[in-house]
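I have placed the structure first, in the form of structure tokens, so that the comments after it can refer back to it.
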Amino acid sequence: MAEYGMIAAVEMQAVKERYGNALKTYKLAGRDAGDYLIGGKTVTVVHSGAGEIAAAAAAQALIDNGAEVILNFGVVGALTHEAETSRLCVVDRIIHYDFDTSEADHSETGRYLELPSVWIPTDDRLRAAALSVCPQMNAVNCASADKFIADPDKKRKLAEDFHCDICEMESAGIALTCLRNDVPCLLIKMVSDGIEGGAAEFFETFRAASAKALEVMEAVLISL
């Protein structure tokens, strides 16, 4: 049986509300972690905090601790009307859009030269399993950076410039770390704020959106 690690950036309360106290608690990379029974499997969950650096550190700590699959659920902002309407999504590929070395090497914005394109992929098998369990989900392109985007014009520009459906702050760090360690990852997200919603809608829907993304992640875990 695979060893599972899960990253909860700012959505840890959803884990506690759904599963109660951890079977065991400890620290990983200086962050709170605990073992939870999720979908019949023991999953080590790390409360990473927000942002790419925190998420990448949490992913590496879980892998160093023996995780063979990395899971992440969470809330995101919509960049397109389709994402805004359907809400529930699984991440297909990610662009780290504030990573930019173009003035030194003339590469595209978001491009890590070790990769064949600007896109950081997730795991095909896990994504297919998620879509099989929850076919109403959309497989989406994700714009990821250490920025909370609330302004509608900025959201529309992200969609136009990078051909993405959602934006958030952790997926690039998680997926790139997993890729470098040859460990598969699955990222299930729920839209908390639409194109026009901004921070007000984010805070209004955050709790319910977090809970729904975790509920779907559990269903996928049961299927694996």
Hey, Thr205 of a type outside the set (A, V, I, L, M, F, W, C) and within 17 Å of the chain's Cα centre (by Cα) or not: no
Step by step: first the residues of the range 71-90, then only those that are modelled with pLDDT of 95 or more and out of contact with any Asp or Glu (no Cβ under 9 Å at 6 or more places or on another chain), then the one that is nearest to Leu176 (Cα to Cα). Which residue is that? Leu71
Failed item, numbered, when Lys189 is tested on (1) surrounded by 24 or more Cβ atoms within 10 Å (Cβ to Cβ); (2) in contact with a Gly (Cβ under 7 Å, 6 or more places away or on another chain); (3) assigned to a helix (DSSP H, G or I): (3)
Going residue by residue through the range 66-77, is there one that turns out to be part of a loop (DSSP other than H, G, I, E, B), closer than 20 Å to Asp161 by Cα and either within 17 Å of the chain's Cα centre (by Cα) or without any contact (Cβ under 8 Å) to a residue 24 or more places away in the chain (or both)? no
Which residues, counting only those in the range 26-39, are closer than 15 Å to Glu215 by Cβ and not aliphatic (A, V, I, L, M)? Tyr36, Gly39
Among the residues of the range 103-112, which ones are without any contact (Cβ under 8 Å) to a residue 60 or more places away in the chain and under 26 Å from the mean Cα position of the chain (by Cα)? Ser107, Glu108, Thr109, Gly110, Arg111
Return the total of residues in the range 92-138 being closer than 19 Å to Cys178 by Cα and of a type in the set (Gly, Ala, Ser). 5
Can you tell me which of (1) within 23 Å of Ser210 (Cβ to Cβ); (2) in contact (Cβ under 8 Å) with a residue 12 or more places away in the chain; (3) part of a loop (DSSP other than H, G, I, E, B) is the one Ala59 doesn't meet? (3)
Complete set of residues in the range 84-111 that are part of a helix (DSSP H, G or I) and closer than 12 Å to Asn138 by Cα: Glu84, Thr85, Ser86
Quick check: anything in the range 152-164 under 13 Å from Gly77 (Cα atoms), of a type outside the set (Phe, Trp, Tyr) and under 17 Å from the mean Cα position of the chain (by Cα)? yes
Which one is surrounded by the fewest Cβ atoms within 10 Å (Cβ to Cβ), of the residues in the range 112-147 that are among the small types (Gly, Ala, Ser) and part of a loop (DSSP other than H, G, I, E, B)? Ser117
Go through the range 13-47 and count every residue that is in contact (Cβ under 8 Å) with a residue 40 or more places away in the chain, in contact with a Lys or Arg (Cβ under 6 Å, 6 or more places away or on another chain) and not β-branched (Val, Ile, Thr). 0
Do any residues in the range 139-157 that are in contact (Cβ under 8 Å) with a residue 60 or more places away in the chain have Cβ atoms under 6 Å from those of residues that are in a helix (DSSP H, G or I) and of a type in the set (Asp, Glu), where the two are at least six apart or on different chains, and which pairs are they? Asp146/Glu52
Considering the range 172-186 alone, what residues qualify as being β-branched (Val, Ile, Thr) and part of a loop (DSSP other than H, G, I, E, B)? Val183
What number of residues within the range 69-87 are surrounded by fewer than 24 Cβ atoms within 10 Å (Cβ to Cβ), more than 20 Å from Gly5 (Cβ to Cβ) and not small (Gly, Ala, Ser)? 6
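The values are calculated or read from the model by the stated rules, or taken from the named source; none is laboratory data. Being a predicted model, the structure only gives us computed values, none of them experimental. Positions of Cβ are backbone-derived with ideal geometry, glycine not excepted, and every protein chain shown enters the neighbour counts.
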